[in-house]
Amino acid sequence: MGVINVEKNGTIYNFKMKVKYNRVKKYITKNRTLDKTHYNLVCEIHATVFSHKYFEPCTCSPSTIKGWIKDLDNYYKS
């Protein structure tokens, strides 16, 4: 398990998830798409960061996964 730090606002910040997310963002920037591995990573990271069950949204409509990526972008920018 990654190194965990409790931030001042009380949220648990998992550095291992940030490292994984940086890898996903680098892949998206380079390839402009998600493969299955990176898609699963986004699902895993979103579930961990936002404390919900792991869920893979349908790939027939990419709006949910795009929203999750935007959520994670906002989370890691703050």
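Worth a mention:
- Hits in the range 16-32 - residues which are in contact with a His (Cβ under 7 Å, 6 or more places away or on another chain) and either outside any helix (DSSP H, G or I) or under 18 Å from T48 (Cβ atoms) (or both): V24
- Near pairs, Cβ below 9 angstrom, 6+ apart or cross-chain, from the range 28-55 (at negative phi) to any residue that is surrounded by fewer than 10 Cβ atoms within 10 Å (Cβ to Cβ): H46/H52; A47/K53
- Y54 among the hydroxyl-bearing types (S, T, Y), in a helix (DSSP H, G or I) and either exposed (fewer than 11 other Cβ atoms within 10 Å of the Cβ) or within 12 Å of the chain's Cα centre (by Cα) (or both): no
- Condition met for T64 (part of a helix (DSSP H, G or I), more than 12 Å from the chain's Cα centre (by Cα) and at pLDDT 90 or above): yes
- Whichever residue in the range 57-78 is of a type in the set (D, E, K, R) and surrounded by 10 or more Cβ atoms within 10 Å (Cβ to Cβ) and, among such residues, is farthest from K16 (Cα to Cα): K66
- Count of the range 15-42 residues, restricted to those that are of a type outside the set (K, R) and surrounded by fewer than 16 Cβ atoms within 10 Å (Cβ to Cβ), is 10.
- Being at pLDDT below 90, out of contact with any helix residue (DSSP H, G or I) (no Cβ under 6 Å at 6 or more places or on another chain) and of a type in the set (K, R) holds for only one residue in K30, K36, and it is K30.
- Members of the range 8-27 that are modelled with pLDDT of 85 or more and polar (S, T, N, Q): N22
The values are calculated or read from the model by the stated rules, or taken from the named source; none is laboratory data. A quick note: this is a predicted structure, and the numbers were derived from the prediction, not measured. Heads up, the Cβs are rebuilt from the backbone with ideal geometry, glycines too, and the neighbour counts pull from every protein chain shown.
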